[in-house]
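Heads up: the structure comes next, in structure tokens.
The values are calculated or read from the model by the stated rules, or taken from the named source; none is laboratory data. Just so we're clear, the structure is a prediction, and the values are computed from it rather than from any experiment. Quick reminder, even Gly has a Cβ in these numbers, built from the backbone with ideal geometry, and neighbours come from all protein chains shown.
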Amino acid sequence: MSNNQMTDAALPADDLSRTATVVHADDTGLTHLGIGAGTYTILISGEQTGGRYTMIDMLVPAGGLPPHRHDFEEIFHILEGELEIAFHDEVHHVGPGQTVNIPANAPHGFRVVSATPARFLCICLPAGQEEFFKLVGEVLPTRTTPPTPPTPEVVAERRSIMMANAARFHSEFLPPRG
């Protein structure tokens, strides 16, 4: 499509049923989830964006996510701390102010490499990942509340839920690199 064709197309009418969303990561009423050692706060849900995207504030003191892939775009914007992001056969060290886009279907994973917790925004396009996190996460009272250290039974239960729902959420967990 040329630029002329794009400018000639009429925009759809304004959807007056949608409202602007203004939140602060520490607002009451937001959903805070313990995922692994981290706390994930759903800032903007797919329900609020008509399924277009979700935005999650991630506070991760240690650890990260093993190799996986999914059919949605994922963007990380680092606010604090440092991450090592594995993408295909590349490893990227990123810190505050840096943004990383992970294309849909690409194998990737991350881990915190800073001595201090990493805090970053995660945007998933389209939305849906927040619903997956709700299935496997522990509901927490605040953005900075650490998750309860899980018992081996809880770890096994969450892993089972993750594996049983991976295909439903268009995700695949991959063997560790090495």
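Things worth noting here:
- Scanning region 35-67 for residues that are buried (at least 21 other Cβ atoms within 10 Å of the Cβ), small (Gly, Ala, Ser) and farther than 18 Å from Gly81 by Cβ yields nothing.
- The lone exception for Gly109 - which of (1) crowded, with 17+ Cβ neighbours inside 10 Å; (2) modelled with pLDDT under 95; (3) part of a loop (DSSP other than H, G, I, E, B) it fails: (3)
- Residue-level check: of (1) over 17 Å from the mean Cα position of the chain (by Cα); (2) outside any loop (DSSP other than H, G, I, E, B); (3) over 23 Å from Thr31 (Cα atoms), Pro175 misses just (2).
- Qualifying strands (runs of 3 or more DSSP E) (wholly inside region 37-94; at least 3 residues being in contact (Cβ under 8 Å) with a residue 24 or more places away in the chain): 38-44, 54-60, 64-70, 73-80, 83-87
- Residues within region 143-172 that are assigned to a loop (DSSP other than H, G, I, E, B), surrounded by fewer than 12 Cβ atoms within 10 Å (Cβ to Cβ) and not β-branched (Val, Ile, Thr), tallied: 3
- The residues of region 46-58 that are under 19 Å from His32 (Cβ atoms) and under 11 Å from the mean Cα position of the chain (by Cα), listed by number, are Thr54, Met55, Ile56, Asp57, Met58.
- Candidates Val100, Val139, filtered to the one that is free of Cβ contacts under 8 Å to residues at least 60 places away in the same chain and either surrounded by fewer than 17 Cβ atoms within 10 Å (Cβ to Cβ) or not in a loop (DSSP other than H, G, I, E, B) (or both): Val100
- Matching residues in region 135-166 - criterion: being over 16 Å from Leu33 (Cα atoms) and within 17 Å of the chain's Cα centre (by Cα): Asn165, Ala166
- Selection within region 88-97 - at pLDDT 95 or above and either crowded, with 16+ Cβ neighbours inside 10 Å or of a type in the set (Asp, Glu) (or both): Val94
- Among the conditions (1) surrounded by 18 or more Cβ atoms within 10 Å (Cβ to Cβ); (2) hydrophobic (A, V, I, L, M, F, W, C); (3) under 25 Å from His24 (Cβ atoms), the only one that Ile85 does not satisfy is (3).
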